[in-house]
Amino acid sequence: MDQILLQILNGLDKGSAYALIALGLTLIFGTLGVVNFAHGALFMLGAFCTVSLNKLLTMEQVVLDETRMTAWGTPMEIRTPFVEAWFGEFGTTLVEYAVPLSILVAIPVMLLVGVTMERGLIKHFYKRPHAEQILVTFGLAIVLQEIIKAWFGANPIPQSEPDALGGMLDFGAAIGMTEGTITYPAWRLVYFLFAGVVITGVFCFLQFTTFGMVVRAGMADRETVGLLGINIDKRFTFMFGLAAVVAGLAGVMYTPILSPDYHLGMDFLVLSFVVVVVGGMGSLGGAVMAGFLLGILQSFTAMKRPAIFPDAADRTVGEDILNVWYTILEYLPGIDQIIIYLAAVVVLLVRPRGLMGRKGVMET
Amino acid sequence: MNAKASSRNDLYLILGFIVAVALGPIIMTPFGGYPDLLQKFAIFGIFAIGFNILFGLTGYLSFGHAAFLGAGSYAAVWCFKLVGMNVLPAIISAMIVGGLFSALIGFVSLRRSGIYFSILTLAFAQMCYNLAYSVLGQPGMNLTNGETGLQLKLDDPRYFGESASESGTIPPTSMFGIEMKQIHEFDLFGMTVQVSNGYFVCALFVILAFYVSMRIFRSPFGMMLRAVKTNQNRMSYTGLNTRPYALAAFVISGMYAGLAGGLMSAMDPLAGAERMQWTASGEVVLMTILGGAGTLIGPIIGAGVIKYLENIFSSFNDQVMTGFFDFLPDWLGSAMVWITSPFVGEGWHLTLGVIFMLIVIFLPGGLMEGFARIGRLFRGSRKRGEGAADAPRVPAE
Amino acid sequence: MSFFNLSRRGLLKGSAALGAGLATPTIFTSSAWAQGYLNEPTGDTVTFGFNVPQTGAYADEGADELRAYELAVEHLNGGGDGGLLQTFSSKALTGAGVNGKKVAYVTGDTQTKSDAARASAKRMIESDGALMITGGSSSGVAIAVQGLCQEAGVIFMAGLTHSNDTTGKDKRRNGFRHFFNTEMSGAALGPILEANYGTDRKAYHLTADYTWGWSQEGSMKTYTEAIGWETVAAVRTPLGAGDFSQYLTPVLNSGADTLILNHYGRDMVNSLTQAVQFGMRDKVVNGKDFVIVVPLYSRLMAQGAGEAVKGIFGSTNWHWSLQDAGSQAFVKSFGQKYGFPPSQAAHTCYVQAMLYADAAQRAGTFHPCAIVEALEGYEFDGMGNGPTLYRAEDHQCFKPVLVVKGNENPTSQYDLLEVVDVTPTEKVMYPVDHPDFQGGDLGTCNAGI
Amino acid sequence: MTILTVRNINKRFGGLKALNEVNLTIEEGTVHAIIGPNGAGKSTLLNCFIGRLEPDTGTVEFNGTSLLGLKPHQINQAGVSRVFQTPEIFGELTLLENVMIPAFAKRDGAFTLNAWGPVRGERSLMERAMEMLNDVGLAKKANDVSGQLSRGDKRRLELAMCLVQEPKLLLLDEPTAGMARADTNNTIDLLKEIAGRGITMVVIEHDMHVVFSLAQKISVLAQGTVIAEDLPQNIKGNPKVQEAYLGGAHL
């Protein structure tokens, strides 16, 4: 049973990243009608906000120590980060909290990136076919990632969570199970909560503010809202910025989980599109739901029967279910690698417009 | 439009194409061309021509065409392993396998249109890639040899050929005794031109592929495909069943992809899984758009540009760039090297991305639209007053 | 130098069939056979082809390889401090080029894809007249390019490739590997793991789902089971999975007390970081501390994994902190030129380039078959690994293997691994007919004519 | 002889009853107009004939065979063509191509893989298409791209596309909507000429001038029900019709 709960937890945790990216993608699609292939790159840029801040905080003063030599015969460099040299203890804390602090950096930066992108490029593509939108944003994604590569190199750059938020949490004990059965990394739970907060925030924003109401009306019928004399374009620009911020924040908080490198965006791009399509193009709720669903699917297909498994007589109900599941998986080698795509195919064939999609969206 | 004139234009077009393909090795030599690159031009040209039949005519944007190319190359290598080293059966079986795969995937994917279709094809192709990379390459059920790619071995049976040549090596791919990798060299205008036998085979196929594509473009079937792109509703209320038209286009382009894959294996008998990856599918989309989707020549030009960037641009290192800016004063030379170096060598992707964005933004009709505009500019300045508005919006072919 | 390399020393082969049809001024049909081998250098330079990943997941490793090659060329042509030429047991090379010719080089990008790697190797052979291809950072690419070089008729000096198959079932007469392999990793790690972690362990494997991963998993299973460990499960993970959490959660309650990560590159960086995040370094299972083992280590990857590597065992081909004269000489010239120490990939590539040049010098020709002869069964020393043998039967180098551990207290950003043990050659040497290396055939040497 | 028989058709959209027990018979060789106020269900009814919508209950028989469950292209192949309210044409193709496509559909059926011979080799079809374009007065623009046409021209083009197929039944959804008076009159003349060829027509129209110039029989639809069916001269006086239209005012 604990194994099943653990995989569900893991699926939700995986899904929260998917949901966040897909949410932004759907926001852009729903409001602006633009298929943004550069969305993965925005996620990647968010992650590199953290890297940059971290680099900034750990900028070091280099002192050559003439008394010690490196293996290749030059004087040893003694490096101390400036912040530590200047602020001492507080500086160390600053460095340690670099990841959560990057949120403060990422919000304005990503907003700026998003707005610039919309005004400078995307704006000119509203009237163009979807294929061209896909292509120009795809080109942009390549350019962005190559710039990041030229700047930061190709290797992943590790970021660590603050110690206070690291380590393992005993989740099982918290819900009244035997201690130590369901433990999960604290940071991943933080990520899950963070995703929950952001998603709720976006929904509330759209649901309860006048701004959000206008935007939702615009999503439903852009022309009519335009006729009411409301400048919908400005609001849509802001929505693009917001979507960029959501993607960026998803990237910032993801860095301790996955060391960021320039290719991060492309890795998530295909996946996030699958999530959006499974959820239904233009449906925010669908995107979030599909994100979590696919996360759980991925998590469950990755299981394998361990050599130490109780015999039929000693099994609990949970283990019986697991046993059946393991047996199914044994007949489907490699299923974990294609499950996302398989799910997309099945959903699209059974429910043509995705789980929660509306009719007529993006069908031509 | 005069029917006779347009059929004469087509004749000129195909003749011009044949001449260009025949002179390719000579034209490309000063620009760093070499046999393998020229073969790539032809092979990816075929791939793009085929993709264009689907995307350019019907407007269905497939993000999974690389799967058919990959399936075709696996089929061809298996043919080399089991049948013999003659390239013809290999190429034919590659086309058949490409066609079968595309019929299967197309039948399912074409139930949806728009981006849903794109995602479906993408999903199928990624499934093929992932399975080919891992599960199908494992000992026991080794169809693809996984990451390394399917290679020939000395102990392959080759039931209708020889397993190993007399000298104990794997026999080279050949067509009735003519070895594909054999290279001829001759001097012309002070440069040494290299041509391989493989290029002749590729050239033959690219000419055939181009000719067939031209027939399709001019045929009622081609017109129907353009109708599919423009208005599917009208088509069905006109008594036409759109699905088989789209599927036929899909399968034809799948067979083109299979042919390209088969030729790739014929030139270099190895089939790797990464040929099926979605980025490879994206590449053929880039080629087609770059050159001009829906035009006859455009996709081939696009294929050439991208392969040139990939193979020649990526080989420019600082050493080469410094040499290139030799004629400039030292400080200016190093400044130029500094400016250009992010765009060449390992930065060739950046160049590709920038060029591609510029094309999509300013020339949605691709390079062919650019040529047409330049052409109009000249004509316009010669006979001013006739009005540029008359110029047809359809891209030149 | 012109924008494009026009001086192509291309190959020619006579062909009456189609060649004659090409109405051309001069066809060297008759003289073609007079040439001894493909791309025989006729001028005063000889061209090496450096085929390394410049884009993709191994780009940084590729960049380091390229640095090493440039250094090697410099040393071969008499520049710099001579590097390993000072300590190399063979004194054939003097820094005056090879066989009286200056060494030039061309580069290509493998993109860590078999197709792309073969395409760039072909370009270097056909267009640039390279008569030796070297480099690479993955086994799939190495095997693919080795196959190509065999068919084309040039020598392939493999870069970083660790799979058994490179010198096992996919070995080729024209291909040589200096790097060690998974079998040797397993053999070296086995005793160290036994000494540190005992004989009663339950191991859970996470394996990258491709050729090298399977090879590594097989070797580790063999050697850990030999010391009495039990294999709980071996789970295959897709290449580039990024987040491995769905594969890590089943480990937590599986009863395993050891996690073996048969991953390399980005996969290794991510899976190791995440495994540590999942508390696997602090966990206690079956009354024993949970441990993680990374069979193949690389300093560049340790850098990527950061704190996570501390205290974790693995093996490596070479490390810059070695104190022998060869290693010190190499670190010195590399460090002085670039400001940081070389990686194991850089080392193996440098050595491969040197070994090729030395073999050519000793043979007095660049004829591939002569070089194959010069390298087969060749014994040398002073290249940083101690006494080394290029075994004739499979073209694999046999030399001591380093067992390393993530450094608990690094003194610099490069000081991430500490050498725990140098396993002597005889401990890692395996017979030619070892079952994991079966099914291949070197074939005959091909000179391309 | 009856060419189209519609019995007891019902169609609901959610809570809205769009068609309620509609019965209709169309006689071969006649022009039959369907009129009614906005939202009466006229277009919905037409959509049920061509397979765009499936009625909830009821039957639609064309020449004795049921049209229900057939795909749109099958219905067209059986001999039913339609001109839409907003012109449905192939906007990226030339006018000539627009007309040739239905000509091919008529000759070759729903799908033929004739991918080898060029279009321009099809002399007789091309001549026929030109003839049709000439009939609707668009022959001069034959090689223009059709998307650039005015709305009236597009509608005439669509008419030519239907005519080239020589349908047994032609459905026209507001063929003159948005046209200038002169254009309307031209269209009326054209339609009269077509009617003279013996093609059965069903016309939905708001413009009573058009209706009374063309129709031999008129059905009035209101709130999804046929409230009257009669000869033109009798319809004007029908009190139910007056009720439905202007709440009792005279037409």
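Each reported figure results from applying straightforward, stated rules to the coordinates on display, with no laboratory input. Since we're looking at a predicted model, the values are computed, not measured. Methodologically, a virtual Cβ is constructed for each residue, glycine included, from the backbone with ideal geometry; neighbour enumeration extends over all protein chains shown.
Listing for the model above:
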quantity: The range D:94-166 - Rg over Rh from alpha carbon coordinates, Kirkwood radius; calculated: 0.97
quantity: Helix-only CD estimate at 222 nm, as mean residue ellipticity for chain C, using -39500 (n - 2.57) per DSSP H run (n ≥ 4); calculated: -10500 deg cm²/dmol
quantity: Most positive-pole-ward Cα, A:GLY91, A:LEU293, A:GLY334, against dipole of chain A from beta carbon charges; calculated: A:LEU293
quantity: Residue-count net charge about D:ASP230 - beta-carbon cut-off 10 Å; Lys, Arg +1, Asp, Glu -1; calculated: +1
quantity: Residue of D:GLN77, D:GLN165, D:GLN148 that the Gaussian network model of chain D assigns the largest fluctuation, springs spanning Cα pairs under 10 Å; calculated: D:GLN148
quantity: Listed residues C:SER298, C:TYR210, C:GLY190: farthest to the positive end of the dipole of the range C:183-316 (Cβ charges); calculated: C:SER298
quantity: Of all DSSP beta bridges in the protein assembly as shown, antiparallel share, percent nearest 5; calculated: 50
quantity: Amide proton proximity set for D:ALA228, modelled H, under 5 Å, gap of 5+; calculated: D:VAL220
quantity: Residue-by-residue Karplus 3J(HN,Hα) for the range C:272-283, coefficients 6.51, -1.76, 1.60, Hz, glycine and proline x; calculated: 5, 4, 6, 4, 5, 4, 7, x, 6, 8, 10, 6
quantity: Cα gyration tensor, the range C:183-316 - rounded (a/c under 1.5), prolate or oblate; calculated: rounded
quantity: Residue mean of other protein chain beta carbons inside 10 Å, B:151-161; calculated: 2
quantity: Net charge of neighbours whose Cβ lies under 14 Å from the Cβ of A:VAL63, counting Lys and Arg as +1 and Asp and Glu as -1; calculated: -3
quantity: Debye equation applied to the C-alpha atoms of chain C, log10 I(q)/I(0) at 0.09 Å⁻¹; calculated: -0.57
quantity: Relative contact order of chain C, defined on C-alpha pairs under 8 angstrom at six or more residues apart (%); calculated: 19
quantity: Note, ³J(HN,Hα) from phi for the range D:6-17, Karplus 6.51, -1.76, 1.60, rounded to Hz, x at Gly and Pro; calculated: 10, 10, 6, 7, 10, 8, 10, 10, x, x, 8, 8
quantity: Among the listed pairs D:LYS168/D:LYS236; D:LYS11/D:LYS106; C:LYS399/C:LYS427; C:LYS310/C:LYS332, those beyond 20 Å (Cα-Cα); calculated: D:LYS168/D:LYS236; D:LYS11/D:LYS106; C:LYS310/C:LYS332
quantity: Mean separation of Cα contacts under 8 Å, 6 or more apart, over the residue count of chain B: relative contact order %; calculated: 26
quantity: Computed [θ] at 222 nm, helices only, for chain D once each DSSP H run of length n ≥ 4 contributes -39500 (n - 2.57); calculated: -10500 deg cm²/dmol
quantity: Dipole magnitude of the range D:94-166, debye to nearest 20 (Cβ charges: Lys/Arg +1, Asp/Glu -1, about Cα centre); calculated: 160
quantity: Long-range HN-HN contacts of D:ALA18 with modeled amide H, under 5 Å; calculated: D:LYS11, D:ARG12, D:PHE13
quantity: Euclidean distance between Cα centres, the range C:395-449 to the range C:225-265, Å; calculated: 23
quantity: Least to most buried among A:LEU329, A:LEU42, A:LEU32 (fewest other Cβ within 10 Å first); calculated: A:LEU329, A:LEU32, A:LEU42
quantity: FRET efficiency, 1/(1 + (r/R0)^6) with R0 51 Å, evaluated for B:ILE92 and C:GLU225 via beta carbons; calculated: 0.60
quantity: Label-point separation in nm, A:VAL350 to C:ALA392, each point 7 Å along Cα→Cβ; calculated: 6.5
quantity: Label-to-label distance, nm, for residues given as B:THR192 and A:ALA164 (7 Å Cα→Cβ offset); calculated: 7.1
quantity: Charge dipole of chain D about the Cα centre (unit charges at C-beta), most positive-ward option of D:ASN38, D:LEU133, D:VAL164; calculated: D:ASN38
quantity: Förster-model FRET efficiency, 51 Å R0, B:ARG373 and B:TRP338, C-beta, rounded to 0.05; calculated: 0.90
quantity: Size of charge dipole - the range B:3-276 - debye, nearest 20, with Cβ of Lys, Arg +1 and Asp, Glu -1, no other charges; calculated: 1500
quantity: Karplus (6.51, -1.76, 1.60) ³J(HN,Hα), θ = phi - 60°, over the range D:62-77, in Hz, Gly and Pro reported as x; calculated: 10, 6, x, 10, 6, 8, 5, x, 7, 6, x, 5, 5, 5, 5, 4
quantity: Peptide A:335-346 - average C-beta neighbours from other chains (10 Å radius); calculated: 6
quantity: Cross-link pairs A:LYS304/C:LYS202; C:LYS169/C:LYS221; B:LYS40/B:LYS307 - those with Cα-Cα distance over 18 Å; calculated: C:LYS169/C:LYS221
quantity: Distant-in-sequence amide H partners of C:ALA233 (H built 1.01 Å from N, under 5 Å); calculated: A:ALA307, C:HIS205
